[in-house]
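Working notes, beginning with the structure itself.
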Amino acid sequence: MKHNKMARLYVKLVMMLVLFSVAGHALAHGERNQEPFLRMKTLHWYDIKWSVANEATVQVNDEVTMTGKVHFFTRWPDQINKPTTVFLANATPGPVFVRVGTWLNDIPMIQSTGVELGRVYDFKVILKARVPGRHHVHPMFNVESAGGLVGPGIWITIAGDWEDFVYSIETRTGVQIENLGSYGVENVVKWHVFWVAVAVFWLVWWIRRPLLVNRFLLVKNNAWSELITKTDLMVGALLIVFIITVLIVANKYTKEEYPRTVPLQGGKVEVNYVPNPEEGQVLIKNHTAEYYLPGRTVTIDLSVTNNSDKAVTLGEFTSANLRFINQDSEEAMSRVDVGYPDELIANKGLVISKPSPILPGETRRMQVEATDVAWETERLSSLLNDPDSSYGALLFFYDDEGSRYTAEVYGQILPTFFDK
Amino acid sequence: MSLTAEEARLLKAISVPNSDAAKIVRNLDWIVVVVLLFAVTAAFHIHFMLTAGDWDFWVDWKDRMYWVTLTPMILIIIPAALSYPLMAKFGLPISGTLCGLCLMIGEWISRISGFHLWAYFPYSMIWPAIVIPGLMLMDLFYMMFRNVFLTTIFGGASVALAFAPANWPILAPYHIPVVHMNQLVNVADMIGYSFTRTATPEYLRFIERGTLRTFGGESTLISTFFSAFVCMILFYMWWRIGQFLSNLGTIPNQLKTMVGLEADKDEA
C-alpha cells in the first residue's frame with residue numbers, strides 16, 4: 001500500500017517535471033486566442049509600417065515608429081460596447097518599450113477618445129526601447145468592454161543594458177526631470193523609511209516587555225495601571241503631537257517647494273473623422289460564404305457594384321490581420337512591404353472567379369477564394385463555434401492609376417466539414 | 001473579573017525576572033510575534049491588494065477623490081477588528097501600527113519582486129501609499145481614551161484625516177504640470193502614459209473626471225472629511241465584529257451525532 005502511494009507520487013513528480021521541460025516561453029500576447037468575431041468584426045488594420053524590419057535589433061533608448069490605418073467595422077458585434085471610449089496603445093510585454101507619442105488623425109492621444117463606426121483613422125505610435133530581449137510589438141486599441149484589439153505585430157530585439165535607459169522631460173514649471181522612471185523615488189523611500197522607523201519604535205516599545213501570558217492575566221486581574229503605565233501614556237501623547245506636527249510641517253514645506261501642481265488629467269479627446277475618398281465607391285453584397293475545413297478555404301459568393309468612374313480590380317481581402325493578395329494585381333502586390341510578417345500573408349493569395357476589371361456602373365457577381373493554413377494556425381476556424389457564425393472583412397480594389405477603393409463585406413459563414 | 005488561585009500563582013511565577021517560567025512565556029511571545037507578523041502581512045496585504053488594488057499600485061491612479069476617499073475606508077477594516085483582541089485581551093494598543101507596518105513590508109516585497117523585477121515597471125510608477133501615521137494615531141487615541149466611542153470618533157477619523165497629508169509630500173512632485181504633445185498632463189499622468197500597462201488603458205482609471213462642485217474645487221479636503229466620517233462608522237462596526245469573533249468560543253459539532261458519534265460538550 002505504502003509502495004503504491006510512493007510509486008504514484010513518483011510518477012506524478014516525473015510527469016510534472018516532463019511538463020515543465022516541454023513548456024515553451026509565452027512571448028506574444030495571446031492574440032490568436034481572441035475569439036474570431038473580435039478580430040474579424042471590430043478593427044481592420046492596414047498600411048501598417050514599422051520604422052524597423054521584422055526581427056530587427058535595436059539598442060536601448062532607440063526609437064521605433066508604427067504608422068498605418070485602422071478601420072472600425074460597421075457591423076460591430078452587439079455583445080461588446082460600441083467604441084465610444086477607446087485608447088490607442090501598443091501591445092508589448094509591459095513597459096519593455098516606453099510610449100513616447102501616439103496620434104490618431106494627427107490628434108495627440110494621451111487621453112482616451114471615441115470613434116465612429118465604418119470610418120478609417122490614421123494612427124502613429126512612437127516607442128522607445130527600454131528592456132533588452134526579443135519582443136513582439138503591435139499597435140493596439142483598447143476598447144472599453146472589449147479589451148485590447150491588436151494589429152499585426154513584428155519581432156524586435158532590444159540589445160544593451162536596461163540600466164542605460166533614460167527618459168528625460170521638462171515640466172511646465174521648468175524642472176528638468178533626468179529620468180522619469182526614477183523621478184521622486186528617493187523622496188518616496190525617505191518618507192517610507194521615516195514612518196516605518198516610527199512604527200517600529202512603537203512596536204518595540206511594547207514588544208520589549210512580556211507580552212501574552214503576563215498581559216492576558218493582568219487584563220483579567222484588571223491591573224490596567226501595570227498594563228499601560230504613565231510613561232506609556234506620556235510617550236503616546238508625545239507621539240500624537242509628533243505625528244501631527246510632522247504632517248503639518250511636511251505639508252507646509254511641500255506646498256512651498258511645489259506651489260504649482262495640477263490634478264490628474266482625465267479628460268477625453270475629440271478626434272474628428274477625416275473624409276476618406278477610398279470609401280463608398282465600391283459596394284459589396286454577400287450572397288453566401290463557406291468555410292471548407294479540410295482545405296482551409298473560405299469561398300465567398302458576392303456581388304460588386306462599382307460606383308466610381310474608373311474600372312477597378314479586386315486586389316486584397318483582409319480580415320483579422322490576415323492578408324490574401326490577388327497576385328495578378330501589380331498594385332496590390334506593390335503594397336506588401338518587405339519585412340511584413342510572413343505568417344500574416346497567405347501564400348496562395350486570393351483566387352477570383354472573374355478577375356477582369358469591373359467597369360464603372362457595373363455590378364458583377366463573382367466568387368472569391370481565400371485559402372491558407374493561417375485560417376487554422378491563427379485559430380480563426382473556431383468562428384464556427386460562435387453562436388453567430390459570421391465573418392467580416394475588408395476588400396481593397398484598385399484602378400489603373402493606383403487609386404484604392406475600400407469596401408466592407410459581411411455575412412453568415414457556412415461550414416463544410418468534408419468533401420462532398 | 002479576577003484571577004483564579006492557579007492563575008495568580010502563574011502570574012507570580014512568570015513575573016519573577018529570569019525565572020524558568022518567565023523564559024518560557026517569553027519564548028512563546030517571540031513565536032507568536034513572528035507568526036503574527038507573517039499572518040498579518042499576508043492577510044492585510046491580500047485584503048488591500050484586492051480592494052484598494054490599482055489605486056495603490058499606480059501613481060496615475062492616486063487622485064484627489066477616489067484614492068483619498070476609499071483607501072482609508074479599506075485600511076481601517078482589519079486594524080479595527082484586530083484592535084479589540086489586542087487591546088481588550090492583552091492591553092496592547094498596537095493593532096493599527098502592526099497592520100500598517102506589515103502592509104508596508106508586504107507592499108514593498110510585492111512592488112520590488114512582482115512589479116519591478118518581474119514586470120519591469122519603474123519605481124516612480126508603483127510606490128505604495130504611506131498608511132502608518134493614521135493607523136498609529138488610531139492606536140494612540142485608543143490607548144489614551146480606552147473608550148471605544150471616543151476612539152471611534154478620534155481614532156477612526158484620524159485614519160482618513162492623516163492619509164492625504166501623509167502622502168502629499170511624496171505625491172506632490174508627481175503633480176507638477178507637464179506639457180507633452182501640446183497636451184497638459186502632470187508627471188504622474190506622464191509616467192502612466194509612457195510606461196505601458198497593456199491591459200490597463202487610460203480610460204480604466206477610476207479617477208476624478210470632473211471637479212467636485214463645492215468648496216472651490218477642494219476635492220482632497222471634501223474627500224478626506226467624507227472618508228473620515230465613514231471611517232468612524234467602519235471602526236465601530238469592525239471593532240464590534242472583532243469583539244464578536246474574539247468571544248465566540250467554540251461551537252459544538254452537530255454533525256457528529258448524525259454519524260453516530262458522541263455529541264461535543266458545549267464549551268461556549
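A compact table of results
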{"quantity": "Qualifying position, being in contact with a Leu (Cβ under 9 Å, 6 or more places away or on another chain), over 30 Å from B:A199 (Cα atoms), within 13 Å of chain A (Cβ to nearest Cβ) and not β-branched (V, I, T), among B:S2, B:S19, B:S95", "calculated": "B:S95"}
{"quantity": "The stretch B:168-214, residues that are at the interface with chain A (Cβ under 7 Å from one of its Cβ atoms), outside any loop (DSSP other than H, G, I, E, B), open to solvent by 20 Å² or more (accessible area, probe 1.4 Å) and more than 15 Å from A:V262 (Cα to Cα)", "calculated": "B:Y203"}
{"quantity": "Filter result (surrounded by 23 or more Cβ atoms within 10 Å (Cβ to Cβ) and either out of contact with any Cys (no Cβ under 6 Å at 6 or more places or on another chain) or of a type in the set (D, E) (or both)) within the stretch B:31-51", "calculated": "B:F48"}
{"quantity": "Tabulated pairs, the stretch A:248-259, first under 14 Å from B:P173 (Cβ atoms), second at pLDDT 95 or above, C-beta under 6 angstrom, 6+ apart or interchain", "calculated": "A:A250/B:P169; A:N251/B:P165; A:N251/B:W168; A:T254/B:W168; A:T254/B:P169; A:T254/B:A172; A:Y258/B:A172"}
{"quantity": "Any hit, the stretch A:160-178, residues being within 9 Å of chain B (Cβ to nearest Cβ) and over 32 Å from the mean Cα position of the chain (by Cα)", "calculated": "yes"}
{"quantity": "Pair list, Cβ under 6 Å, 6 or more apart: the stretch A:332-353 residue under 11 Å from A:N54 (Cβ atoms), other residue open to solvent by less than 40 Å² (accessible area, probe 1.4 Å) and of a type in the set (A, V, I, L, M)", "calculated": "A:P341/A:I154; A:L344/A:L322"}
{"quantity": "Any pair with Cβ under 6 angstrom, 6 or more apart, that starts in the stretch A:54-77 at a residue that is in contact (Cβ under 8 Å) with a residue 40 or more places away in the chain and ends at one that is aliphatic (A, V, I, L, M) and surrounded by fewer than 16 Cβ atoms within 10 Å (Cβ to Cβ)", "calculated": "A:T57/A:A159; A:Q59/A:A159; A:F72/A:L117; A:T74/A:L117; A:W76/A:L117"}
{"quantity": "Scan of the stretch B:223-268 for residues that are in a loop (DSSP other than H, G, I, E, B), of a type in the set (D, E, K, R) and surrounded by fewer than 13 Cβ atoms within 10 Å (Cβ to Cβ), ordered by number", "calculated": "B:E262, B:K265, B:D266, B:E267"}
{"quantity": "Residue among B:L11, B:L36, B:L28, B:L70 that is part of a helix (DSSP H, G or I), in contact (Cβ under 8 Å) with a residue 60 or more places away in the chain and within 14 Å of chain A (Cβ to nearest Cβ)", "calculated": "B:L36"}
{"quantity": "Residue list for the stretch A:184-205, filter: facing chain B (nearest Cβ under 7 Å), open to solvent by 40 Å² or more (accessible area, probe 1.4 Å) and of a type in the set (F, W, Y)", "calculated": "A:W191"}
{"quantity": "Filtered residue count, the stretch A:160-190, keeping only those that are assigned to a strand (DSSP E or B) and within 30 Å of A:K69 (Cα to Cα)", "calculated": "1"}
{"quantity": "Residue list for the stretch A:108-123, filter: within 8 Å of chain B (Cβ to nearest Cβ), among the polar types (S, T, N, Q) and either at positive phi or surrounded by 21 or more Cβ atoms within 10 Å (Cβ to Cβ) (or both)", "calculated": "A:S112"}
{"quantity": "Pair list, Cβ < 6 Å and 6+ apart or interchain, from the stretch A:368-388 residues that are closer than 13 Å to A:P415 by Cβ to residues that are of a type in the set (S, T, N, Q)", "calculated": "A:W375/A:S381"}
{"quantity": "All positions within the stretch A:211-249 that are at the interface with another protein chain (Cβ under 8 Å from one of its Cβ atoms), open to solvent by 60 Å² or more (accessible area, probe 1.4 Å) and within 21 Å of B:A13 (Cα to Cα)", "calculated": "A:F216, A:N221, A:N222"}
{"quantity": "Qualifying positions in the stretch B:9-28 - within 36 Å of the chain's Cα centre (by Cα) and either within 14 Å of A:R215 (Cα to Cα) or surrounded by 14 or more Cβ atoms within 10 Å (Cβ to Cβ) (or both)", "calculated": "B:L10, B:L11, B:I14, B:S15, B:A21, B:A22, B:V25, B:R26, B:L28"}
{"quantity": "A:E290 vs. criteria in a strand (DSSP E or B) and open to solvent by 30 Å² or more (accessible area, probe 1.4 Å)", "calculated": "yes"}
{"quantity": "Of all residues in the stretch B:112-134 being open to solvent by 10 Å² or more (accessible area, probe 1.4 Å) and in a helix (DSSP H, G or I), the one that is farthest from the other protein chains (Cβ to nearest Cβ)", "calculated": "B:S113"}
{"quantity": "Filter pass, A:N105 being at the interface with chain B (Cβ under 8 Å from one of its Cβ atoms) and polar (S, T, N, Q)", "calculated": "no"}
{"quantity": "Odd one out for A:H44 among (1) away from every other protein chain (no Cβ under 14 Å); (2) in a loop (DSSP other than H, G, I, E, B); (3) in contact with a Ser or Thr (Cβ under 8 Å, 6 or more places away or on another chain)", "calculated": "(2)"}
{"quantity": "Breaking point among (1) farther than 20 Å from A:F201 by Cβ; (2) open to solvent by less than 20 Å² (accessible area, probe 1.4 Å), for B:L137", "calculated": "(1)"}
{"quantity": "Residues (of a type in the set (D, E, K, R) and under 14 Å from the mean Cα position of the chain (by Cα)) located in the stretch A:70-108", "calculated": "A:R99"}
{"quantity": "Which listed residue, of B:L82, B:L70, B:L98, is open to solvent by 50 Å² or more (accessible area, probe 1.4 Å) and modelled with pLDDT of 95 or more", "calculated": "B:L70"}
{"quantity": "Residue match in the stretch A:146-159 (condition: closer than 20 Å to B:Y193 by Cα, open to solvent by 10 Å² or more (accessible area, probe 1.4 Å), assigned to a loop (DSSP other than H, G, I, E, B) and not aliphatic (A, V, I, L, M))", "calculated": "no"}
{"quantity": "Within the stretch A:377-404, considering residues that are farther than 30 Å from A:D309 by Cα and among the aliphatic types (A, V, I, L, M), the one most open to solvent (accessible area, probe 1.4 Å)", "calculated": "A:L384"}
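The values are calculated or read from the model by the stated rules, or taken from the named source; none is laboratory data. Note that this is a predicted model, so its numbers are computed, not measured. For neighbour counting, all protein chains shown are included, and Cβ atoms are generated from backbone atoms with ideal geometry for every residue, glycine included. Heads up: the accessible areas ignore ligands, DNA and RNA and are worked out on the full protein's heavy atoms, side chains in. Shrake-Rupley method; radii C 1.70, N 1.55, O 1.52, S 1.80 Å.
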